Amino acid sequence: MSTSTRRGPQLSVIIPTYNRSQLLRQTLGNLARQRMPAEMFEVVVADDGSSDDTRAVVDEAAGTLRVRYHFQPDEGFRAGAARNAGARLATAPILVFLDTGVLVGPDYLDRHLAEHAGREHTAVVGYAYGYDIDGVMPGLSGAIAEWPPEQVVARFRDEADFADTRHREFAACDFDLRRLAAPWVLFWTLNCSLRADDFWQAGGFDEDFRGWGLEDLEFGYRMFKAGVGFRLTRQAWAVHAPHERDVDAIMADCMVNLRRLLAKHPEPPVEIVWKLMQHGGPLDLEENYQFLLAWADRARAVDVTAELARELPRLDGAGRTAVVGAGGRVPAGLSPAVLLDFDADLLAEATAAGSYPGHHAIGLRTPLDDGAVDTVLLTSRLAGLWSRWGDDLLAEAVRIGRSVRLTEALARQTGEPAPH
């Protein structure tokens, strides 16, 4: 049993919801079964404009739970805004985010609380069984209707389809998120927790994100950059109850939010997320980002000043140039130009004098507009990335420039001439 000297609740469970009153009733019922004493936690239901009997379900739960309710008008899918509103009502030092229709066992809150004992600046990622955006696991709906969540887990635990969608990524790091370069991509709000101080220090969820998806990844990215660590718990598990989804609408929303994500964070890991989501999801970020980091380490000493100098006669009078893979120095006489490089430190050196604007970017998806420059020049600092992203680098160069050139050094190393 949990104990504490702090008066008042230690955990605030924040549940955003919209017109899913029956699923909400199940989620609240599971929270009423917690072994943790009722005075140690509170529940905040953040209603994103429901028109069903959600409020009546919350009032019903108030007989067994310490529950607060927030309603915001229906102005479209605004889960981030709902979660922020719930967090503002919360009084506990630890916030637990749980989605409507996510079902938990009786030790759920004790497990989340234990993960924060003696740890500061830690975001806890809870395991989520049964989550599948594309379909419904056979037999799961019937089992959830008949059994409590702990029996459902006992029955299906060893079935691959029941595993958390992120299980492969969890297993690859031996379930230790501290080993990952990009753990934030695994921070999903259907089951997670963090300290309220860290939540507000990071600024809460960005309410510009509307529609389904990526507001949690964006928040996780900001937390990560602010120094918050990530920790996985398989003990504070949850089961995602199957329900109907409009997958086409979800993906359309997600792609809109992907553009928002990249606009707010035009940086290499988010570029990679952009690339991955053109053909699937973001879960392969870690492997791709590690590939980039390994090449960036090898390429740190690659100085392309000489190869850029050899290009100057061809660029004379050619208008504005974008140099992708600019490194830490460019030759005198390269003007006007915008510099891009995946190494932030080298880019800072190249732009320190203020002569050239710069962007910390690989070149997969840059902040530049369509046709923003006259010539795009790709250097040999991209050579180690070519086997994986060569076509993508060329496609982006074609998007932003009227003419595209590979330096002689890059063309020689890749065996590919520059398109024009």
Subject >> Inter-residue pairs, beta-carbon under 6 Å, first in the same structural domain as Phe97 (by TED's automatic domain parsing) and in the range 38-63, second outside any helix (DSSP H, G or I) and aromatic (Phe, Trp, Tyr), 6+ apart >> reply: Val45/Tyr69; Asp47/Phe71; Asp48/Tyr18; Ser50/Tyr18; Val58/Tyr69
Original post:
From Arg300, Arg210, Arg195, Arg245, which residue is charged (D, E, K, R), farther than 19 Å from Pro16 by Cα and either over 11 Å from the mean Cα position of the chain (by Cα) or crowded, with 21+ Cβ neighbours inside 10 Å (or both)?
Top reply: Arg300
**OP:** Tell me the strands (runs of 3 or more DSSP E) entirely within the range 1-116 that contain at least 2 residues that are farther than 28 Å from Asp176 by Cα and hydrophobic (A, V, I, L, M, F, W, C).
**Re:** 41-47, 67-71
**OP:** For the range 99-113, state whether one or more residues are free of Cβ contacts under 8 Å to residues at least 12 places away in the same chain and not charged (D, E, K, R).
**Re:** no
**OP:** Could you please find all residues in the range 149-206 being within 20 Å of Gly229 (Cβ to Cβ) and of a type in the set (Val, Ile, Thr)?
**Re:** Val185, Thr189
**OP:** Could you list all residues from the range 29-63 that are of a type in the set (Val, Ile, Thr) and either closer than 21 Å to Ile94 by Cα or in contact with an Asp or Glu (Cβ under 7 Å, 6 or more places away or on another chain) (or both)?
**Re:** Val43, Val44, Val45, Thr54
**OP:** Report, by residue number, each residue of the range 143-175 that is of a type in the set (D, E, K, R) and either loosely packed, with under 13 Cβ neighbours inside 10 Å or not assigned by TED's automatic domain parsing to the domain that holds Ala128 (or both).
**Re:** Glu146, Arg157, Asp158, Arg168, Asp174
**OP:** Six or more apart or on different chains, Cβ under 6 Å: which pairs go from a residue in the range 143-172 that's within 19 Å of Leu28 (Cβ to Cβ) to one that's in a loop (DSSP other than H, G, I, E, B) and at pLDDT below 95? Could you list them?
**Re:** Ile144/Ala241
**OP:** Restricting attention to strands (runs of 3 or more DSSP E) lying wholly within the range 315-420, give those where 3 or more residues are within 22 Å of Pro269 (Cβ to Cβ) and under 33 Å from the mean Cα position of the chain (by Cα).
**Re:** 321-324, 337-341, 358-360
**OP:** Kindly check whether there is at least one residue in the range 354-376 that is small (Gly, Ala, Ser) and at pLDDT below 95.
**Re:** yes
Original post:
Which one is farthest from Phe291 (Cα to Cα), of the residues in the range 175-220 that are among the small types (Gly, Ala, Ser) and at pLDDT below 95?
Top reply: Gly211
Subject >> Per-region count, the range 305-335, residues in contact with a Leu (Cβ under 7 Å, 6 or more places away or on another chain), among the aliphatic types (A, V, I, L, M) and free of Cβ contacts under 8 Å to residues at least 40 places away in the same chain >> reply: 3
Original post:
Regarding Leu65, is this residue farther than 28 Å from Asp206 by Cα and either out of contact with any Lys or Arg (no Cβ under 6 Å at 6 or more places or on another chain) or of a type in the set (Phe, Trp, Tyr) (or both)?
Top reply: yes
Original post:
Being within 14 Å of the chain's Cα centre (by Cα), part of a helix (DSSP H, G or I) and among the aromatic types (Phe, Trp, Tyr), is that true of even one residue in the range 269-290?
Top reply: yes
Subject >> Gly49 at positive phi and surrounded by fewer than 20 Cβ atoms within 10 Å (Cβ to Cβ) >> reply: yes
Original post:
Taking Phe77 and the conditions (1) within 18 Å of Arg210 (Cβ to Cβ); (2) touching a strand residue (DSSP E or B) at 6+ places or on another chain (Cβ under 8 Å); (3) among the hydrophobic types (A, V, I, L, M, F, W, C), which numbered condition does it fall short on, given that it satisfies the others?
Top reply: (2)
Original post:
Within the range 228-247, is even one residue acidic (Asp, Glu), farther than 30 Å from Asp110 by Cβ and assigned to a helix (DSSP H, G or I)?
Top reply: no
**OP:** Could you check how many residues of the range 371-398 are closer than 21 Å to Leu276 by Cα and not aliphatic (A, V, I, L, M)?
**Re:** 9
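The values are calculated or read from the model by the stated rules, or taken from the named source; none is laboratory data. Worth saying up front: this structure is predicted, and the values here are computed from it rather than measured. Cβ atoms come from the backbone with ideal geometry, glycine included; neighbour counts cover every protein chain shown.
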